[in-house]
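Quick notes on the structure that follows.
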Amino acid sequence: MNKGDVKIVYIKKNSFIYIIGGHISVQYQILEALIEHLSIKFIEIYGDVLKEIFDIGTDDFFKDFISKIENSIKHIPNQIGKIINVYCRICGEYVNVYVKDSLIEDAEDYPVALVYMHHGHSLLLYIDADFKVRGAEIVSITG
Ligand SMILES: [Zn+2]
């Protein structure tokens, strides 16, 4: 969702709701990739002690959490997604679009359709299993 100049993405997994926010210029795909990755890492790292959360101080519990998050934001998007180059006919320029690996790899059918918002217009991209753009159309959005 959009909230002013902040984009917010959340997912619910098991008993947890994970929320991440970013500047309006950050693509949803990047935020989604990060939150998927961090939710997995969170359980891997903290899962064993989650049951004891009320028995230990939250200061200790989250001692390394912030530095791990900051490290992830710097490095993870490039490890779990790809940047594809797409031509926007309206702007007459190529734009870099981040696509998380799971969007393509977990797809049930190809090409995968993805709408990319670009300067007030929207590009409908068709991406094949090799992250190649097979088509790009200008489309209208409603909600
Ligand atoms: Zn454009």
Restricting attention to the range 1-15, the residues that are out of contact with any helix residue (DSSP H, G or I) (no Cβ under 7 Å at 6 or more places or on another chain) and either on the phi > 0 side of the Ramachandran plot or of a type outside the set (D, E, K, R) (or both) number exactly 8
With the first residue restricted to the range 1-19 and required to be surrounded by 10 or more Cβ atoms within 10 Å (Cβ to Cβ), and the second required to be of a type in the set (Lys, Arg) and not in a loop (DSSP other than H, G, I, E, B), Cβ contacts under 8 Å at 6 or more apart or on different chains are TYR18/LYS12
Checked the range 87-121 for anything among the small types (Gly, Ala, Ser) and near the ligand (Cβ under 9 Å from one of its atoms); matches are GLY92, GLY120
Note on LYS74: of the conditions (1) at pLDDT 90 or above; (2) outside any loop (DSSP other than H, G, I, E, B); (3) of a type outside the set (S, T, N, Q); (4) away from the ligand (no atom under 16 Å from the Cβ), unmet is (1)
In the range 80-124, anything touching a residue at least 12 places away in the same chain (Cβ under 8 Å), over 30 Å from LYS41 (Cα atoms) and part of a strand (DSSP E or B) is listed as VAL86, TYR87, CYS88, VAL95, HIS118, HIS121, SER122, LEU123, LEU124
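The values are calculated or read from the model by the stated rules, or taken from the named source; none is laboratory data. The shown structure was predicted, so the numbers you read here are calculated from the model rather than taken from an experiment. Using ideal geometry, Cβ is built from the backbone for each residue, glycine included, and neighbour counts are taken over all protein chains shown.
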